[in-house]
1. Among 78, 143, 116, which comes first, second and so on when ranked by fewest other beta-carbon atoms within 10 Å?
2. I'd like the Karplus ³J(HN,Hα) series for segment 84-95: coefficients 6.51, -1.76, 1.60, θ = phi - 60°, whole numbers in Hz, and an x wherever there's a Gly or Pro.
3. Which order results if 134, 109, 167 are arranged by neighbouring Cβ count within 10 Å, fewest first?
4. Using +1 at the Cβ of each Lys and Arg and -1 at the Cβ of each Asp and Glu in segment 69-174, identify which of 162, 125, 148 lies farthest towards the dipole's positive end.
Amino acid sequence: MDEVITVGDAASFRSGQATSFLDSPPSSSSLFFPNNLPLISAFLAFALAQFLKIFTTWYKEKRWDSKKMLDSGGMPSSHSATVSALAVAIGLQEGSGSPSFAIAVVLACIVMYDASGVRLHAGRQAELLNQIVCEFPPDHPLSSVRPLRELLGHTPLQVVAGGILGCVVAFLMRNSN
């Protein structure tokens, strides 16, 4: 029977800790919740950013709105928090010279640029289109069209706040292990 060697097997072999895959089967808990610092950091940063939107909405609008946990847009950017936590955690785990870190940084830059650029402007266009549709007479075929979502993107401040949140989460997760 041919044995398949994974990247993890090769890494442990190089470090002098060669073990057979058959000697240590994965536990059932590792199948559902892997011990993967970058993945856990990214998900935690996302969840925390979405949760914080409830409080930033209350601070800005003086009202509690739990629906903000499921919405896009708002303060802080969960997109930025997620990708920055992922990039920093990979950098801490594998080093800043690793190809995985390079990929994560490029991904983070694209996502953050998109969140504060394309998606922000698409939201502003949706706001303008909704205003135009509201001015149509009641008998116009488009007067009853459901309004477009306006809160799609982020301001640069929201993106920076999300990025900082993601970095902090990744550092705290690294220090907790």
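Where a number appears in this text, it was derived from the coordinates with a stated rule and is not lab data. In this text, all values refer to a predicted model and were calculated from it rather than measured experimentally. Cβ placement follows ideal geometry from the backbone for every residue including glycine, while neighbour counts extend to all protein chains displayed.
1. Details: 78 27, 143 12, 116 22.
Exposure proxy ranking, most exposed first: 143, 116, 78.
2. Karplus values, whole Hz, x for Gly and Pro: 6, 4, 4, 5, 5, 5, 5, x, 5, 7, 10, x.
3. Working: 134 9, 109 13, 167 20.
Ordered by Cβ neighbours within 10 Å, fewest first: 134, 109, 167.
4. It is 162, whose Cα lies furthest towards the positive end.
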